[in-house]
1. With Rg and Dmax of the Cα atoms in Å as the read-out, I listed (1) 19.7, 60; (2) 20.6, 67; (3) 21.6, 70; which label goes with the value calculated from this structure?
2. Run the numbers for residue 249 and residue 100: contour at 0.36 nm per residue of separation, minus the present Cα-Cα distance, in nm.
3. Near the amide H of residue 270, under 5 Å away, which other amide H atoms are found, from residues 5 or more places off or on another chain, if H is placed in the peptide plane?
4. Restricting attention to the stretch 6-106, which GluC sites (Glu not before Pro) occupy a DSSP loop and are surrounded by at most 12 other Cβ atoms within 10 Å?
5. What net charge do the residues around residue 77 carry, taking every other residue with its C-beta under 15 Å from that of residue 77, with Lys and Arg at +1 and Asp and Glu at -1?
6. Any idea of residue 64's accessible area? Nearest 10 Å², probe 1.4 Å.
7. First compute the accessible area of the chain with a 1.4 Å probe, then give the percent of it belonging to carbon and sulfur atoms.
8. Report the charge-dipole magnitude of the stretch 69-163 in Debye, nearest 20, computed about the Cα centre from +1 at each Lys and Arg Cβ and -1 at each Asp and Glu Cβ.
Amino acid sequence: MTKRVLVTGACGFVGSHVVQYFLTNTDWDIVSLDRLDFSGNLNRLNETVSEFPKAEQKRVKVVYHDLKAEITDLTSNFIGHVDVILHLAAASHVDRSITHPMEFVLDNTVGTVNLLNYARKIPNLERIINFSTDEIFGPAPIGVSYKERDRYNSTNAYSASKAAANEFCVAFRNCYKLPVYITQTMNIFGLRQHPEKFIPMTIRKVRDDEMNIIHSDPSKTFSGSRHYIHASDVADALWFLLNMTDEQKQFVELPDYGGATCPKFNIVGKEYSNLEMAQMIASVQNKELKYEFVDNHSKRPGHDTRYSLDGSYMKSLGWEPKVSTEERIKEVTEWSLAHPEWINITDE
């Protein structure tokens with residue numbers, strides 16, 4: 001019998017790449033659960049799915065629901081039985097979390113608890129993966145990369161709401177034996193990303209010969225840095241976690257750190273300074289980068305100069321990105337220039 005996966009936030013940027021990956025690499029049926037807001041765009045999912053033959057498109061079903069509310073029996077009927085849940089739905093714009101923190105508590109924490117409560121009722125659920133962020137660990141000094149179980153140190157409402165969601169996942173695994181995994185990743189890029197995000201914004205500004213703002217340290221002598229990873233590689237990592245061998249599962253399920261049993265996995269790409277990334281994008285366009293450093297953290301607390309995750313655990317299990325970041329950036333830049341509707345911003 002064909003398996004069914006529920007992808008929350010499938011109309012969002014990462015979610016649409018996960019749908020594309022499952023359509024390409026599996027015969028699974030896919031249920032998209034989305035509320036279609038600032039991040040979720042039905043055009044994004046439609047474009048992604050329309051690239052496949054009609055028979056494949058029928059494998060995707062869209063159900064509308066806002067996870068701030070419980071999943072009712074009626075909504076559950078529309079979803080139908082699922083074998084796996086990938087929880088990608090989230091509010092993720094840090095700037096807005098600083099000005100409207102309660103929105104992020106409702107979207108990311110309450111929304112996750114409502115999904116976990118729904119998952120408890122699913123018979124024979126194989127796995128639920130909660131998709132989290134590097135920002136729960138806070139800023140990383142040079143030379144430090146946080147491992148899966150390091151302490152949390154949230155610096156804004158977004159990261160705090162995701163940290164709280166993680167802890168509810170741990171609680172539901174401990175209390176209800178829900179088969180939860182947690183993944184933590186950082187700075188994802190790819191096709192059809194929201195135009196206000198760093199990479200599509202940089203592609204547009206370089207194209208239009210505009211000044212690029214590069215976040216820096218307080219002295220304005222070096223830029224902040226992040227680990228960058230393509231959304232397709234993230235989807236591949238999720239698929240890897242769903243298909244681990246019995247030996248791998250036994251290894252990750254072993255209790256550690258005082259008996260903590262909820263497995264966590266860092267999905268990590270290569271680290272670049274934000275300046276290096278912008279210069280790479282300019283190079284693809286054969287242009288000189290126009291930029292200025294801005295000490296954004298001092299200007300607005302909650303923006304940190306450097307985040308960093310340690311990806312050695314996933315590598316030890318047998319997974320790492322298959323395509324270089326440089327190749328991915330070239331692909332995304334050229335595609336975005338050919339599809340300006342995804343990077344242009346109007347004044348309306």
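The values are calculated or read from the model by the stated rules, or taken from the named source; none is laboratory data. From a predicted model like this one, the values you see are computed outputs, not experimental measurements. Cβ: placed from backbone, ideal geometry, glycine included. Neighbour counts: every protein chain shown. Ligands, DNA and RNA are excluded from the accessible area calculation, which covers all protein heavy atoms including side chains. Shrake-Rupley method; radii C 1.70, N 1.55, O 1.52, S 1.80 Å.
1. Here Rg and Dmax of the Cα atoms in Å agrees with entry (1).
2. Full extension of this stretch gives 49.7 nm more.
3. 228
4. Within the stretch 6-106, the qualifying GluC sites (Glu not before Pro) (loop, at most 12 other Cβ atoms within 10 Å) are 51.
5. Computed value for this residue: +1.
6. 150
7. Roughly 52 percent of what the probe reaches on the chain is carbon or sulfur.
8. The calculated dipole for the stretch 69-163 is roughly 240 debye.
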